[in-house]
Amino acid sequence: MSLPGKLRIGCAALMLACVAHAAGPAPERFAQRAEVADFLDQMASKHTFRRAELDRWFRDLRPEPRVLALIAPGADPSARSWRRYRERYLDGSRIAAGVRFWRAHAAELASAELRFGVPRRIIVAILGVETIYGRNTGRFPALAALATLAFDYPPRAELFRRELEELLLLAREQGRSPLAFRGSYAGALGLAQFLPSSYRRYAVDFDGDGGIDLSASAADAIGSIARFLSEHGWQREAEVALPAKVSEVVALVSSPRSEVHEIPDAVVPASARPSKPVCRMRVGTDPAS
């Protein structure tokens with residue numbers, strides 16, 4: 001090999017070594033941790049998984065640091081304002097994509113509305129917010145993401161440990177490896193971004209092909225969203241929002257979620273109040289909103 005070639009190889013090796021040193025040691029494998037071993041034992045005894053199979057799936061699985069970074073609450077409260085939200089989600093390209101999706105799947109949307117009572121516009125809007133109609137369903141390995149949150153994120157460890165259990169059950173029911181699932185950093189899957197538990201309980205085969213696929217079937221996603229809302233108390237043809245006049249004092253002291261009887265008459269007249277708890281949303285255009 002010529003000297004220039006050797007120099008190039010040597011420089012490349014040095015660069016790789018520097019990158020590896022800067023990145024630090026790789027996170028410890030989940031399989032090396034006692035609490036993970038206990039979880040796998042429970043999966044084997046409770047759901048009759050073969051322990052060797054579980055060990056194979058978790059053998060090389062490591063925590064995902066980026067998952068923890070993304071799920072951490074933001075330091076800037078204004079990031080959750082309606083103004084910021086509107087700017088992000090009500091843009092021209094997303095609206096145009098929604099129109100195209102509605103036209104392409106008009107029959108499925110009409111069928112879902114007829115069967116479950118959920119308006120087409122609500123289903124289309126949810127799909128637009130969640131994944132821009134399938135454009136961004138997430139690239140995180142779902143098993144690693146959920147394991148990271150289940151064992152390394154104490155604030156919601158119980159929830160995500162249940163979802164990790166549900167993912168393993170979902171994979172078995174669909175005849176797939178749990179390593180094959182991709183989703184959001186929180187383990188949400190498909191066009192509708194259902195967590196595994198919702199996938200198993202509420203997803204429907206709406207295209208009639210004999211299987212449920214929320215990643216590849218827009219029809220299944222449409223029907224599943226409609227069923228999810230229906231099962232959670234959606235009222236056919238009921239109002240989804242009511243106008244209200246809120247003084248600055250009320251806006252400052254009211255909790256975001258209030259029981260109906262706690263709302264002053266000056267805000268929403270008694271005759272116009274819904275029968276369920278409500279969520280207050282500030283929709284003004286003021287920059288501080």
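The values are calculated or read from the model by the stated rules, or taken from the named source; none is laboratory data. In this text the structure is predicted, and so the values were computed from the model without any measurement. Here Cβ is always computed from backbone atoms with ideal geometry, including for glycine, and neighbour counts include all displayed protein chains.
Points worth noting:
- Inside region 143-168, residues that are under 13 Å from residue 200 (Cα atoms), within 16 Å of the chain's Cα centre (by Cα) and crowded, with 18+ Cβ neighbours inside 10 Å make up a count of 4.
- Residue match in region 186-196 (condition: touching a residue at least 60 places away in the same chain (Cβ under 8 Å) and over 16 Å from residue 132 (Cα atoms)): yes
- Meets criteria (part of a helix (DSSP H, G or I), touching a residue at least 24 places away in the same chain (Cβ under 8 Å) and under 30 Å from residue 177 (Cα atoms)) for residue 125: no
- Only one entry of 206, 228 meets the criterion of being aromatic (Phe, Trp, Tyr), touching a strand residue (DSSP E or B) at 6+ places or on another chain (Cβ under 9 Å) and either outside the structural domain of residue 101 (by TED's automatic domain parsing) or more than 25 Å from residue 64 (Cβ to Cβ) (or both), and that entry is 228.
- Restricting the search to helices (runs of 4 or more DSSP H) fully inside region 1-96 and requiring at least 2 residues that are at pLDDT 95 or above and under 30 Å from residue 176 (Cβ atoms) gives 34-47, 51-58, 65-71.
- Residue check for residue 128: over 20 Å from residue 231 (Cβ atoms), at pLDDT 95 or above and either outside the structural domain of residue 93 (by TED's automatic domain parsing) or in contact with a helix residue (DSSP H, G or I) (Cβ under 8 Å, 6 or more places away or on another chain) (or both): yes
- Within region 97-122, restricting attention to residues that are surrounded by 14 or more Cβ atoms within 10 Å (Cβ to Cβ), in contact (Cβ under 8 Å) with a residue 40 or more places away in the chain and among the small types (Gly, Ala, Ser), the residue that is nearest to residue 60 (Cα to Cα) is 112.
- Test: residue 120 is under 17 Å from residue 222 (Cβ atoms) and either basic (Lys, Arg) or not assigned by TED's automatic domain parsing to the domain that holds residue 233 (or both): yes
- Looking at 218, 241, 188, just one residue is out of contact with any Leu (no Cβ under 6 Å at 6 or more places or on another chain) and surrounded by 15 or more Cβ atoms within 10 Å (Cβ to Cβ), and that residue is 218.
- Scanning region 71-79 for residues that are surrounded by 13 or more Cβ atoms within 10 Å (Cβ to Cβ) and under 22 Å from residue 217 (Cα atoms) turns up nothing.
- Some residue of region 80-88 being in contact with an Asp or Glu (Cβ under 7 Å, 6 or more places away or on another chain), free of Cβ contacts under 8 Å to residues at least 12 places away in the same chain and not polar (S, T, N, Q): no
- Complete set of residues in region 128-156 that are within 14 Å of residue 214 (Cα to Cα) and in a helix (DSSP H, G or I): 130, 131
- Enumeration of residues in region 169-185 that are out of contact with any Phe, Trp or Tyr (no Cβ under 8 Å at 6 or more places or on another chain), part of a loop (DSSP other than H, G, I, E, B) and either buried (at least 21 other Cβ atoms within 10 Å of the Cβ) or in contact (Cβ under 8 Å) with a residue 12 or more places away in the chain (or both): 181
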